[in-house]
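The structure appears below as structure tokens.
Every number here is computed from the coordinates shown, using simple stated rules; none is lab data. Everything quoted here is computed from the prediction, not taken from an experiment. All Cβ positions, even for glycine, are placed from backbone atoms using ideal geometry, and neighbour counts span all protein chains on display.
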Amino acid sequence: MDVRAQVAMVFHLDKCIGCHTCSVACKNVWTDRPGAEYMWWNNVETKPGTGYPTLWEDQLNYRGGWELTGKRDLRLRCQTKASSFLKLFYNPNQPGLDDYYEPWTYRDQDLFDAEAGDDQPTAVPVSQITGEVIDIKAGPNWDDDLSGSPVYAENDPNLKHLTEDERRMLFEIENIAMMYLPRICNHCANPSCVASCPSGALYKRGEDGIVLVNQDKCRGWRACVSACPYKKIYYTWKTGKSEKCILCYPRVETGQPPACFHACVGRIRYMGVLLYDADRIEEAMKAPEASLVEAQRSVLLDPDDPNVIRGAAESGVSEAFVSVAQRSPVYRYVKEWELALPLHPEFRTMPMLYYVPPLLPISGRMGDGIYEHGAEQFFSHLDKARLPLRYLAALFGAGNEDIVRTVMKKQMAVRYFKRAQDVDDIDPEQVKRILREAHLTAEQAEAIYALTALGSLENRYVMPPIQREEAIEGSGGPGCSPESCKGTCGLGAVQPPRRGA
Amino acid sequence: MVNSFFFIGLPYIAVFSLVAGSIYRFKSERFSYSALSSQFLESKKLLWGSVLWHAGIMIIFVGHLIPFLLPGLWQSLTSQPAFVVAVEVLGVAAAFTALVGLVVLFVRRILSRHIQSVTTPVDLVVLALLIVQILIGIQTAAGHRWGSMWSVQTTTPYLWSVLTLQPDLIHVDSLPPTVKLHIAVAWIIIMLVPFSRLVHAFSLPIQYLWRAPQQVIWTNARRIRHIAPVIRKAEESRRLFLKGALGLGTAGGLLTVGVMDKLVRFFSGPNMTPEEQAALLQKRLERLEMTAEERDLELERMRNDYIFVANLKELSPKDGKYFIDYQMRPALAYRDTTGLPLLISAKCTHLGCTVASSVDASGRILCPCHISYFDLKTGMPQPGSPATKPLPLLGWALMDTQGNILVSQAPDGRREGEVPADKLEASMVYIAKRYEETV
Ligand code: HEM
Ligand code: SF4
Ligand code: SF4
Ligand code: FES
């Protein structure tokens, strides 16, 4: 057993209002500079939709993630060791500018400098790459809130799991439904980006599992850009390096939540520590698709188990991390309540961000706006939900509908449970039956409610300040104190990132 | 003066710039090391440009490197005509492939607005220089064919002389202007490497071949304390071992190839074919790679006033015997129609290939590289041959078995002593130091 700690997050999608505050917070902190204008380390997509970069989920095109070969070998989909050398010169699977969008700004000064005339002056859009006036064809969130559905939403790769009928139903104007999907790098436990990097610039931090690109080692070979199935590595056209979400580690190290987390209006994000057994990852990621979610769950360890605590100590996980793991909101959602699911586990990278699938569109289906109370009919309506379970299963269950149905039942049961308490219009016996059917106890339902609806910052962000001094000591060599080794920590960049020639 | 600048001064500036510049840049501005890919901004033209260019340049690069690093091996390979033809065809094809790629890359840089925004003046200079260099290279191949053979006589010894800090212009002086230009532009490109994106060629990520898929880096000491005296040591020593092994392996590999080259030659010495013999003789030009044999030869030539060439009766008028003259150059020994020795230099006066030993019906010997015929009697090149200077004739001395000089002849034909008809058949042919030194 090789116990490792991972900083993980849960996104409660029922609470996401699609405001993009997270994206903007992230952009302002990290990617508001030449070469990175087009990057959104945090982006929020409308689903169904094609997303950003367009059709990122289509691995036949981008060839991200791992695939299971006939001999039950886990192999990068994008390259073998030999072919990676050929792809250095030209990578056929790399998304280009057109797959994202051409970043632009406006020539605002024109508004002030324009000659007096009959027409209002306008600020024309200019490309942030060439400086030329451009005709904007696409932008970030071009398909927000289902705009342009016939082009975008209807081409969502996840829809291929639905029948023709289901698809038509989904896009009928009276039925139309959508959800938001905020995405950042998943800081995967089996990252295909790391495995693909020819230079060895990508690595996972041992202490907290954050996946980073060493900018000094990156040579701009771009293998990671196509290898990441979530397209969460971006190529900086200006400096010739690849960059990605750093989970705001300079903030996390000083006890502050990441910028996206901090900014989140809906308070949908939960951050905490998960312990997992690194020795078991490979086996788990070789599971058949339908059991991938369960396989992934089984790699996560119970932080209260004495064996695990001992194993953690042996593997060098600090006591602070273990004690925080025992109070982890993420562990509650993912393992204890089994409510939060990984996004596209079939990419087999073992993503460490988890999503509680949204319930709202389902309950919205009821004609009169009131839930049916009978447990039997109630749950059976799940199958007629506006966002079909099969669609959600394509996103969060590697196609396994049962996994998603179980989660939905739990969420509904919690609502029943609370409604019975607050409005008192449901027979307590029936509530009990519903809870039983959802495999929940009353205490669990109460706890789920409390963390979901009332969670304060202290409940949602349960992290030790990552031992910064220690990290500095480690990276600065022996005898390096934080005092004498200023500049070797944090972002580590003591020079401006000058483009080579 | 101009020659010494371009072929002695410039090379040292270039090599210094390459080594010191690249290391300095790596140490102080590691961030700037990148292939600076522009595929993100434009990919259709890049596909053709980059792939064709790199495929071509890799082949050419290897083709230039092997004759330089392993001249012995290269010579034994190029002694097969089929190999020479194949190499020349491959080389020219690769050059054209690279040229097409480069032109696409250049045009792309000039025309695409997106690419312009990431183009520096150095990018354009480098692309232009590379285009020029390839054109000169193609011109060289067309105008002075069989470079795979003559380069071992000219550019290889020149490069080694530069590398061993004994720059010797003799090897490049007589080269045609195209070849000289090719060499000079090469030095300029090498000089520019650390100031351009060309440094990316040093980053070829070989270590990826054996790297574990996942990389986990611990920054604090805790993991190290706990996990392991054992694992960490193992990890660290493996890393060091791999690094060391790679370095040693490369060095060792080169050394072994070099030594084997010598050894095989040394032991297989006695039963060599004339071609192999010729190849061996030419080796004196590779100063670094002198075999024990060659060192002996050189010593022998330094110490002795006379060097044995052959027994007169072994010599024939139709097929010469290779030997090495006092200048350590290949030479050929024949017996002329009057029964006396005829010694002639075998280093072609054109680009330095070794002249073949057999005499044709009209009494000529042939340099196979660019078809220069030389009259055996006078050494004069036939009209129409690329070589314009005659092959020098060498002086000789005949000795009897007791070591008394019977008769000797200077290169200009002046003879000392009388030819004793009775002792002729048993006499031995020598070359004499006094004749050589006047040459
Ligand atoms: C060692 C193996 C090499 C690798 C892996 C490599 C890789 C690359 C890559 C990835 C690019 C960027 C292409 C893009 O825009 O996406 C590039 C560009 C370039 N490489 Fe190489 N290269 C190698 C060797 C060389 C050599 C030996 C030369 C020349 C002596 C060379 C000359 C160039 C030039 C001139 C460009 C710029 C093309 C442009 O203007 O866009 N490369 N190389
Ligand atoms: S989501 Fe993040 S960790 Fe996972 S493969 Fe992509 S970049 Fe790597
Ligand atoms: S800030 Fe929060 S609520 Fe708003 S889009 Fe981002 S994740 Fe959703
Ligand atoms: S070297 Fe050119 S003909 Fe002899």
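Distance between the 7 Å Cα→Cβ label points at A:TYR106 and A:GLU314: 6.3 nm. Model label points for A:VAL124 and A:SER323, set 7 angstrom from Cα along the Cα-to-Cβ axis, are 6.4 nm apart. Seen from every direction in turn and averaged, the convex hull around the alpha carbons of the protein assembly as shown projects onto 53.6 nm².
In percent, rounded to a whole number, the relative contact order of region B:2-211 is 36, using alpha-carbon pairs under 8 Å and six or more apart.
Look at the stretch A:191-199: the mean tally of other chain Cβ atoms within 10 Å of its residues' Cβ atoms is 4. In region B:2-211, with Lys and Arg counted as +1 and Asp and Glu as -1 at Cβ, which of these residues, B:LEU70, B:SER50, B:PHE40, has the Cα nearest the positive end of the dipole, that is, farthest along it? Value computed over the given set: B:PHE40.
FRET efficiency for the A:ALA447 to A:LYS71 pair, using the beta carbon distance and R₀ = 35 Å, is estimated at 0.20.
Counting 0.36 nm for each residue step from B:ARG414 to B:VAL85 and taking away their Cα separation leaves a gain of 114.1 nm. Between B:GLN139 and B:PHE308, with labels modelled 7 Å along Cα→Cβ, what's the label distance in nm to one decimal, could you check? Placing both labels 7 Å beyond Cα along the Cβ direction yields 5.2 nm.
Put in order of Cβ neighbour count within 10 Å, fewest first, the listed residues B:SER28, B:SER79 become B:SER28, B:SER79.
When a/c is below 1.5 the answer is rounded, else prolate if a/b is larger than b/c, else oblate, so apply that to region B:52-100 with a ≥ b ≥ c taken from the square roots of the Cα gyration tensor eigenvalues. Oblate. For A:VAL44, nonlocal amide neighbours, meaning residues 5 or more places apart or on other chains whose placed amide H falls under 5 Å from its own, are A:ARG183. Arranged from fewest to most other beta-carbon atoms within 10 Å of their beta carbon, B:PHE195, B:PHE5 become B:PHE5, B:PHE195. Quick check: residue separation of A:GLU132 and A:VAL423 times 0.36 nm, minus the Cα distance between them. What number comes out in nm? Net length gain for the segment: 98.7 nm. Ranked from largest, the principal axis spans of the Cα set of region B:2-211 equal 48, 42, 38 Å. Volume per residue for region A:34-114 equals 167 cubic angstrom (convex hull of Cα atoms).
Packing here is the average count of other Cβ atoms within 10 Å per residue, and on that basis the peptides B:415-422, A:80-87, B:336-343, highest first, run B:336-343, A:80-87, B:415-422.
If the chain linking B:ILE8 and B:LEU69 were pulled fully straight, counting 0.36 nm for each residue of separation and taking away their Cα-Cα distance, it would gain 20.0 nm.
Pairwise over distinct Cα atoms, reciprocal of the mean inverse distance: report the Kirkwood radius of region B:304-436 in Å, one decimal place.
14.9
Pairs spanning more than 20 Å between alpha-carbon atoms, out of A:LYS47/A:LYS231; B:LYS318/B:LYS423; A:LYS241/A:LYS286; A:LYS231/A:LYS409; A:LYS286/A:LYS409: B:LYS318/B:LYS423; A:LYS241/A:LYS286; A:LYS231/A:LYS409; A:LYS286/A:LYS409. Per residue, the protein assembly as shown reaches -11000 deg cm²/dmol at 222 nm when only DSSP H runs of four or more residues are counted, each adding -39500 (n - 2.57).
Per residue, the convex hull around the alpha carbon atoms of region A:186-341 comes to 144 Å³.
Computing FRET efficiency as 1/(1 + (r/R0)^6) for A:ARG280 and A:ASN155, where r is the C-beta to C-beta distance and R0 is 45 Å, gives about 0.75. The mean count of C-beta atoms from other chains within 10 Å of the C-beta of residues in A:214-222, rounded to a whole number, is 6. Taking the average, over residues, of other Cβ atoms within 10 Å as the packing measure, peptides A:132-139, B:128-135 rank B:128-135, A:132-139 from highest down.
The mean number of partner chain beta-carbon atoms within 10 angstrom of a residue's beta-carbon across peptide B:395-401 is 0. Using the Cβ-Cβ distance between A:GLU458 and A:ARG415 with R0 = 25 Å, the FRET efficiency computed as 1/(1 + (r/R0)^6) comes to roughly 0.50. Shape of chain A from the C-alpha gyration tensor: oblate (a/c of 1.5 or more and a/b not above b/c, with a ≥ b ≥ c the square roots of its eigenvalues).
Karplus-based coupling profile of region B:125-136, in residue order and whole Hz: 4, 4, 4, 5, 4, 5, 4, 4, 4, 5, 4, 5, with θ = phi - 60° in 6.51 cos²θ - 1.76 cosθ + 1.60 and x standing for Gly or Pro.
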